[in-house]
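Written out below as structure tokens is the structure these notes cover.
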Amino acid sequence: MATTSPVREAEGEILKWEKAKELEEEEAAAARASMREEAPNCSTAVPSPRRKAWNEGPVEVKLELHLLQSRWALWFFKNDRSRAWQDNLHLVTKFDTVEDFWAMYSHIQLASKLSSGCDYALFKDGIEPMWEDARNKRGGRWLVSLAKQQRHIELDRLWLETLLCLIGESFEEYSREVCGAVINIRTKGDKIAVWTREAENQTGVLYIGRVYKERLGLSIKTIIGYQAHADTATKSNTLAKNKFVV
């Protein structure tokens, strides 16, 4: 039975903390206003709660961080045909808490705003987003292909849900099979893929595919396929055969 992920729990904790902080600031402002009204002609200024706290030393605000089970790295790719492929791939940041994930996500450009030829990739720390990486080369990917008109309607939602599936370890014991995910922004149609480490692990691959399809909210009629990297690397994406479908 599925339980609430630490990602979802942390969102509520962050909101509680923010509301408490806002309430504290409102109370401090009210106190200062009350002091001014009661003693408008007083020659000795009454220190504000903030100044008083400053004089007494720094006040530590403790926000409990929610550790993720894995450390993740965000990569950005921008196609420049004058440069080697690997030179177009850049590491953006790494994180291992829910709070750092949301800080990262809120400061980067939405996928739907990227120019054609750009990619985002989120992979477990230590795994590079390329077929040649030792932890990828025996694996494959669940591929979701989108029509052009879906970019401004569903793309950002689907990509965010993909990210939450990864960092929330949504695939139970098979989450260890997940390497990362990639979103490709292309003129003909965007693509989102979840990469796994072992294409021959049929049980794990199919479980990941079913859970992923359900989390994306795709209809039963929508079919997504799993392609082995070994097959995709020797053929174009349109010619690569699906090893599994859900």
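The values are calculated or read from the model by the stated rules, or taken from the named source; none is laboratory data. Everything numeric in this text was worked out from a predicted model, so none of it was measured. Neighbour counts are summed over all protein chains in view; Cβ atoms, including those assigned to glycine, are modelled from backbone coordinates with ideal geometry. The area values use the complete protein model at the heavy-atom level, side chains included, leaving out ligands, DNA and RNA. Shrake-Rupley method; radii C 1.70, N 1.55, O 1.52, S 1.80 Å.
In Å, what Kirkwood hydrodynamic radius results for segment 133-189 from the alpha-carbon pair distances? Kindly include the intermediate steps, with their values, before the conclusion.
Numbers: mean 1/r = 0.0773 Å⁻¹.
Taking the inverse mean of 1/r over all distinct Cα pairs, segment 133-189 comes out at 12.9 Å.
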Shape box of segment 106-246 [Cα atoms, principal axes, largest first, Å]: 35, 35, 32
Alpha carbon centroid spacing (whole Å) that separates segment 175-219 from segment 84-159: 12 Å
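Near Arg197, within a Cβ-to-Cβ distance under 12 Å, what is the net charge of the other residues, with Lys and Arg +1 and Asp and Glu -1?
Around Arg197, the surrounding residues sum to +2.
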Net lengthening on full extension, Trp85/Ala233 (0.36 nm per residue, minus Cα-Cα): 51.8 nm
Label-to-label distance, nm, for residues given as Ala134 and Ser116 (7 Å Cα→Cβ offset): 4.0 nm
Segment 188-232: C-alpha gyration tensor shape, a/c 1.5 cut-off, then a/b vs b/c: oblate
Distance in nm between pseudo-label sites at Glu214 and His152 (7 Å out along the Cβ direction from Cα): 3.5 nm
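Stretched out fully, how many nm does the piece from Asp125 to Thr222 gain, at 0.36 nm a residue minus the Cα gap?
Working: separation 97, 0.36 × 97 = 34.92 nm, distance 3.18 nm.
Extending this stretch completely gives an extra 31.7 nm.
Take the solvent-accessible surface of the protein heavy atoms, probe 1.4 Å, and return the percent of it on segment 164-243 that carbon and sulfur atoms account for. All intermediate terms of the calculation are to be shown ahead of the outcome.
Working: 1930 of 3770 Å².
Of all accessible area on segment 164-243, carbon and sulfur atoms account for 51 percent.
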